[in-house]
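Below is one structure, written out as structure tokens; the observations come after it.
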Amino acid sequence: GSWFEKHSELVGGARQVSQFLVKEQVKKEPVRFAQLIRKFPETANVAYFEAVLNGISEVGIDPDNALQVCKRCHNLSEHPCGKAICWLIQKLSDLPWSQEAYDIVAWYALNDPDPEQELWQIESQSGQFYYSGDILNAGINSVRGNAATAIAKLIFSDKSRASYFLPTLQEIVKDSSIAVRSCVAEALIATLNYDRDVAVSLFLELLETDKILMGTRSVELFLYYGLQIHFEILKPIVEKMLGSDLPSVVTVGARQACVAAMYTEEAIPLAKFCINGTQTHRLAAAEVFINNISLAYFREFCENSLIQLFDDSSSEVRAKAAKCFHRSDRGLDIYVNLIDRFVETQAFFDGSHDLIWLLEKTTSKLPKSTFRVCERFIQSITDEDAQIRDVSSVSQLIVRLYSQNSR
């Protein structure tokens, strides 16, 4: 009899039984199920086909059997397994896939009806937006978006595959779904390894409509790489983002403008614009300088920018800039000059906790400015916003200072 007849003792719905398949059976015997799936009746619940695809994607299999499983599921009436097929192919993207596999992925990228709407814009019954309003997450969980991600993984694994997918990419950059196009940006990042000019050209086409797409993680990652090699071409995009009325877009534009300024002298005016721009610009700029302060090549630029932000008119920006002392694993040496300047600014009263914690945890000799840090903290403890829990730390620092100076 069939596998279904032999396992008639299984109870529950198709989804429950298929989960048993994934967890207990397919992972143990992927080749057996790769061959068995060819005998599944057309009327079998789609969940069983998806279970085999998902199980194999977790443990891997040889390329011939992998392709046969994908073809069997792709040939089902109405193509219900697109997401699981593309997931398997992207998980096993390092396999030497044949063009037949590429054809299947391209078909779903171009032809599947899912998604039919922008779910990330829709509230569920609980009052929350689907996928927490995350555009890229919504795209990844759609069939066409998943196919675009599979194309990205395949090209990352072997950049020569980009030549095959180029006609598909030229079409899907115009996809009707914002969520899907956020996934297409990932495929264009992969294409940068194959042909930078083509990738940038398609990226510009991708952003022609729906400016909210500019605020997605995948678009930001493309800009991170793209601005290093095609700054002048991409500069108008960044300028447009910096002038957007969408905070998410402004944030991405400001971050990448500041990152670009570390590599490209021509981007420095954009970074200066951000340091002097709206609070959204300045918060994003502070984040970049904090993350790069430990890199010797960029340290002076980051230090000077943070010093300016220490005296910002916004307490939120000042507190953000003060987070530069948060990483104790970087060592104290890189902060000495910054501490000297920070302790005399308004930012000290907005975010001294990380600095005090850094000084307390260091095993190095305390810098001379530590006494001034303690003095300034004592001056601030009458304020209602003072971090009273730091009193003990400051007391210990004073003891260490006297001990250190009496040797």
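Before we move on, is Val69 of a type in the set (Val, Ile, Thr), at pLDDT 95 or above and surrounded by fewer than 21 Cβ atoms within 10 Å (Cβ to Cβ)?
no
Among the residues of the range 127-180, which ones are polar (S, T, N, Q), without any contact (Cβ under 8 Å) to a residue 60 or more places away in the chain and surrounded by 15 or more Cβ atoms within 10 Å (Cβ to Cβ)?
Selection gives Asn137, Asn141, Ser142.
Since Asn193 meets every condition but one in (1) open to solvent by 10 Å² or more (accessible area, probe 1.4 Å); (2) closer than 21 Å to Gly82 by Cα; (3) not aromatic (Phe, Trp, Tyr), which condition does it not meet?
(2)
Is there a residue in the range 200-214 that is closer than 29 Å to Cys324 by Cα, in contact (Cβ under 8 Å) with a residue 24 or more places away in the chain and not in a helix (DSSP H, G or I)?
no
Pull up the range 316-374, narrow it to residues that are open to solvent by 30 Å² or more (accessible area, probe 1.4 Å) and of a type in the set (Asp, Glu), then point me to the one that is modelled with the lowest pLDDT.
Asp329
Sort out which residues of the range 182-199 are over 18 Å from the mean Cα position of the chain (by Cα) and either closer than 18 Å to Asp134 by Cα or not in a helix (DSSP H, G or I) (or both), and write them in order of number.
Asn193, Tyr194, Asp195, listed by residue number.
When you scan the range 257-270, do you find a residue that is closer than 22 Å to Val184 by Cβ, among the aliphatic types (A, V, I, L, M), assigned to a helix (DSSP H, G or I) and in contact (Cβ under 8 Å) with a residue 12 or more places away in the chain, even just one? Steps first, please.
Here is the first cut: in the range 257-270, the ones closer than 22 Å to Val184 by Cβ are none.
Scanning the range 257-270 turns up no residue that is closer than 22 Å to Val184 by Cβ, among the aliphatic types (A, V, I, L, M), assigned to a helix (DSSP H, G or I) and in contact (Cβ under 8 Å) with a residue 12 or more places away in the chain.
State which residue is least open to solvent (accessible area, probe 1.4 Å) when the search covers only the range 72-112 and only residues that are more than 19 Å from Glu171 (Cβ to Cβ) and without any contact (Cβ under 8 Å) to a residue 24 or more places away in the chain.
Per the stated criteria, the residue is Asn75.
Does the range 230-247 contain any residue that is open to solvent by 50 Å² or more (accessible area, probe 1.4 Å), in a helix (DSSP H, G or I) and in contact with a Ser or Thr (Cβ under 7 Å, 6 or more places away or on another chain)?
Yes: one or more hits.
The values are calculated or read from the model by the stated rules, or taken from the named source; none is laboratory data. It should be emphasised that the depicted structure is a prediction, and the values quoted were computed from it without experimental measurement. Backbone-built Cβ (ideal geometry, glycine too); neighbour counts: all protein chains shown. Areas reflect the complete protein model, heavy atoms only, side chains present, ligands, DNA and RNA absent. Shrake-Rupley method; radii C 1.70, N 1.55, O 1.52, S 1.80 Å.
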